[in-house]
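Scroll down for the structure; my scribbles are underneath it.
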Amino acid sequence: MEIKEKIQKIKFLSYEDIAVVILEEQEDNILFFVETGYGGLETLKYENNLRLEKTEDYIVFNNYNLKGYIYKSKSLGDVYLYEVSFKGDVYDLYVALGSLKKLSYSELEYMLKLFFLSEEFTTFNIVNPSV
Amino acid sequence: MFITIENEKNAEELKGQLRLLINRSIENVLIPFNNETLIQFCLEQIKQDKRFSFDKGFPILRAAELADMAREELEWHILTKKKTVFVVVQKDLLKVFYPYPVSCERAFEFSMHTIRQNYQRLKLNGKIFKDFNLISIFLLTNYKNFL
């Protein structure tokens, strides 16, 4: 898949100030995340007229509860999202980790590690030091 | 929920007018406030203005973002009126409260102008603060010298 096409596929998720942050571009995939805010993916979906195709069970992963979704883009196919939240003293962080293909357990672990290195999570750790 | 206007025409101007509306009324916000009460306060002001509606036309702002706008305008109000803010230092952070922190043992009085001039604001748009009366968070690099 052309990079341009991949980016376009991710772009459908973005809405004004909600930034889609690319974590890593791979040969056949792009790992990214989007901050969903308190309303989570449901709000994002509503505001973008997205179709929620399937909801999977929670994936319990190293104390984090990740909920997987598949979003259908009209022209470009599926996008896989994994919703996760982090509780803090000052604020809670709600994000959806995204991929253009379904991830295995180890791939999820890898994406989570990438997210932990992101500016968004670093800021969350600075502001919520007790976490 | 979106704050909406009749049509796309003049959207930028009306978004500015919306901010002005918040600016002019923000000093009357009930204390203590948090994210929810800030949004509620702003919605009450907006409901009284016929230029704006809710989910009925062209969207100019998400209701959830009203708290950010309210905090920004409150900060501007503090600056222009040269009022004192209350600062709580937590490791490398400077948590800025106005008027006073509700649940805090030790807060220092400071000028908002000084803080803005010397310290880096954390970009926390859209975050729902849990502390009452918390308006912004700055990152300190030399806070020991500052105090």
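Bear in mind that the values in this text are calculations on the coordinates, not laboratory data. A quick note: this is a predicted structure, and the numbers were derived from the prediction, not measured. Backbone-built Cβ (ideal geometry, glycine too); neighbour counts: all protein chains shown.
Some points to look at:
- The range A:82-131 - convex hull of the alpha-carbon atoms, volume per residue in Å³: 73 Å³
- Peptide B:113-126 is shielded by partner chain Cβ atoms: per residue, an average of 2 of them sit within 10 Å of its Cβ.
- Extending 7 Å from Cα along the Cβ direction at residue B:17 and again at residue A:27 yields two label points whose distance is 5.8 nm.
- Database remark: amide H of residue B:125 closer than 5 angstrom to no amide H (H placed geometrically; neighbours at sequence offset of 5 or more, or on other chains; Pro and chain starts carry no H).
- Residue B:37 paired with residue B:76, simple spin-label distance in nm, labels 7 Å along Cα-to-beta-carbon: 2.3 nm
- With Cα atoms, 0 to 90° folded angle of helix B:66-80 axis to chain B main axis: 60 degrees
- Karplus-derived 3J(HN,Hα) values for the range B:91-101, using 6.51 cos²θ - 1.76 cosθ + 1.60 with θ = phi - 60°, are 6, 8, 10, 10, 8, 9, 10, 8, x, 10, x Hz; glycine and proline are entered as x.
- Residues whose amide H comes within less than 5 Å of that of residue B:61, counting only those at least five positions distant or on another chain, are B:3 (H built at 1.01 Å from N in the peptide plane).
- Pairs of Lys in the range B:34-145 closer than 22 Å at Cα, counting only those 8 or more apart or on different chains: 12
- Peptide ranges B:58-66, B:120-128 listed from the most packed, as the mean C-beta count within 10 angstrom indicates: B:58-66, B:120-128
- Prolate/oblate/rounded label for the range B:41-147 (Cα gyration tensor, a/c 1.5): prolate
- Neighbouring partner chain Cβ atoms per residue of A:120-127, average, 10 Å criterion: 3
- Taking amide H as placed 1.01 Å from N in the peptide plane, the amide H of residue B:102 sits under 5 Å from that of B:132, each at least 5 places away or on another chain.
- Once the Cα atoms are used to define both axes, helix B:35-47 deviates from the longest principal axis of chain B by about 30 degrees.
- Label-point gap, in nm, between residue A:120 and residue B:83 - each point 7 angstrom along Cα→Cβ: 3.3 nm
- Averaged over peptide B:87-97, the number of partner chain Cβ atoms lying within 10 Å of each residue's Cβ comes to 2.
- Gyration tensor verdict on the range B:5-104 (Cα atoms; rounded if a/c is under 1.5, prolate if a/b is larger than b/c, oblate otherwise): prolate
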